[in-house]
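The values are calculated or read from the model by the stated rules, or taken from the named source; none is laboratory data. The structure presented is a predicted model; accordingly, all values stated were derived computationally and were not measured. Neighbour counts are summed over all protein chains in view; Cβ atoms, including those assigned to glycine, are modelled from backbone coordinates with ideal geometry. For accessibility, only protein heavy atoms count, side chains too; no ligands or nucleic acids. Shrake-Rupley method; radii C 1.70, N 1.55, O 1.52, S 1.80 Å.
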Amino acid sequence: MLAACSPPLVAWCTGAACRWWLAWVLVLGVGLAVGGQVFGRLGTGSGLRDDAESVVVSDLLARAGGGGAGMTGLIDGRRAGDPAFRAAVDAAVQDLEATPGVARVTGPWVGGRPVPGLVAGDGRAVLVRVELETGLGGDGYDRAVAAVGERLRAVDAPRVLVGGEAPARTEFQEGARRDLQRGETLALPVMVLLLFFVFRGLVAALTPLLVAAVAVAGALLILLWVSHLADISAYSVNVVTMLGLGLAVDYSLLVISRFREERAVGFELAEAIERTLATAGRTVAFSGLTVAASRRP
């Protein structure tokens, strides 16, 4: 097959350039096929190690305050004096106390007497306070929040609302993730148009997007591997996308502009590429290594 190709094409296909392109295609393909699994492994924590000083202090403060993240169930529409209703609420409290990940449950009655602040003045609504264990993260946290919410909503009442710090934090992260994804979807077409006007060519305009796609796909694979070792924040994917797109555009502008300058001077294609990689390429490599090595203090 190679014998039917022209000598330059044969040299390219058997050289380092071809191997680099194959590596890019491999990373892109595997990242698109497997990297998306990281969305199902995003946690609610900060992604820090359990023995990090900030995490240890946060856990100590949570224990001193009486527990971890909290959830509150509002059970409305039935009279608190109804024996059947009280029995249903007491059963829910007992079930919640036995739920994995739950540290403490405060029901609306203790010893048959109403707890101040947990029973409405008109007797038609009650509150159930649930505190989760400290140090929960990842799947354990999600399972505890889901189990508590499901059990509270199972109480026979006209209206049951579940809120509090734990579900609010989860819903906030989900909403932020959707908003950022929507923003990136809207920004991508605008970016393509701007790149087209800046580079004055379709191929050159699509080059940064190809670089970004490979970078993001590779980063998703790394995040997927890290997610098996530690809890990672839900914002990590947005940071990867932001850095991947931003740096790809910046570096492509630098490299392509320098390449065009070399061609305008009169250098042939191969020599222009060599001079571009020796100057702008070296700058991009150093900058990329600096970004990769940087970390949050």
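For D76, the solvent-accessible surface computed with a 1.4 Å probe is close to 40 Å², ligands and nucleic acids excluded. For segment 155-297, the dipole from Cβ point charges (+1 on Lys and Arg, -1 on Asp and Glu) about the Cα centre works out to 180 debye, to the nearest 20. Ranked by the mean number of other Cβ atoms within 10 Å of their residues, highest first, the peptides 111-120, 236-245 come out as 236-245, 111-120. On segment 147-297, 68 percent of the accessible area sits on carbon and sulfur atoms, based on a 1.4 Å probe.
For the peptides 261-268, 144-151, the ranking by packing is 144-151, 261-268, with the highest mean count of neighbouring Cβ atoms within 10 Å listed first. Modelled this way, with points 7 Å down the Cα-to-C-beta line, the labels at L229 and T279 are 4.0 nm from one another. Once backbone amide H atoms are built at 1.01 Å from N, V115 has W109, V110 as its partners under 5 Å, excluding neighbours fewer than 5 places away on the same chain.
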